[in-house]
Amino acid sequence: MSTNNKKQGKTRRVSREQVLNAALDLVLADGVKAVSLRKIAAKVGCAAPTIYYYFRSKQEIIETLWTKQIDVVLEHSFVYTDLFDILYHYGSYWLVHRSLFQLMFLGEDVSVVDLSSYAVLEKTIEAKFHERGCRIQWAARRTQITLAAIHGLVLSSKHRFIEPAEAEILLESSISFLLAD
């Protein structure tokens, strides 16, 4: 292959979805911290600066992946109106898709709780706690505790501290306990 062909191959046009898919593959294989624009570019077969056509930074790519994923999670969970069902299906989704849960850890500069998509989840759960008679300040605190418990359970399952079947049982029990008045 001539040098000219190599350059042409490295500067080929790629789509936004190809960049996102390559980044997701890298996240799933090695975690968020191991992802770089160079690795994404190598995976899609373009020069790293080409990625800047779609994204300003690696962080923006990871945030976009998170937003796409949380939208799927919320769609899956918000089919239900009962708080137990919302929480159970939210946790259950992450237990089934444990490898995608790595997207929760966006990096040092950004916290998932700062993203608007996560705020939708929190506000919905807070409102459900409030509907159950919980004062607003306590609804917010119970939401944080409940989500932290679910996330801890998913992490325990992901790292094999808890077997998947046991995690499902613990999810149901934990939510029941956390919703008890």
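Structure notes:
One line per residue, one yes/no per condition, for (1) loosely packed, with under 13 Cβ neighbours inside 10 Å; (2) under 20 Å from ALA180 (Cβ atoms); (3) of a type in the set (Phe, Trp, Tyr):
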position	(1), (2), (3)
SER117	no, no, no
VAL120	no, no, no
ALA127	no, yes, no
GLY133	yes, yes, no
GLN137	yes, yes, no
ARG142	no, yes, no
LEU147	no, yes, no
LEU155	no, no, no
PHE161	yes, no, yes
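- If you go through the stretch 40-72 and keep only what is among the hydrophobic types (A, V, I, L, M, F, W, C) and touching a residue at least 40 places away in the same chain (Cβ under 8 Å), you end up with ILE61, ILE62, LEU65, TRP66, ILE70.
- Screening the stretch 33-119 for helices (runs of 4 or more DSSP H) wholly inside it with 3 or more residues that are farther than 30 Å from THR143 by Cβ returns the ranges 37-44, 48-51.
- Contacts under 8 angstrom Cβ, first residue in the stretch 74-97 being in the same structural domain as ILE150 (by TED's automatic domain parsing) and of a type outside the set (A, V, I, L, M), partner surrounded by fewer than 21 Cβ atoms within 10 Å (Cβ to Cβ) and in a loop (DSSP other than H, G, I, E, B), 6 or more apart: HIS89/VAL79; HIS89/TYR80
- Those residues of the stretch 157-181 which are part of a helix (DSSP H, G or I) and more than 16 Å from TYR93 (Cβ to Cβ), in sequence order: ALA165, GLU166, ILE169, SER173, SER176, PHE177, LEU178, LEU179
The values are calculated or read from the model by the stated rules, or taken from the named source; none is laboratory data. The shown structure was predicted, so the numbers you read here are calculated from the model rather than taken from an experiment. So basically every Cβ, Gly included, is an ideal-geometry build from the backbone, and we count neighbours across all protein chains shown.
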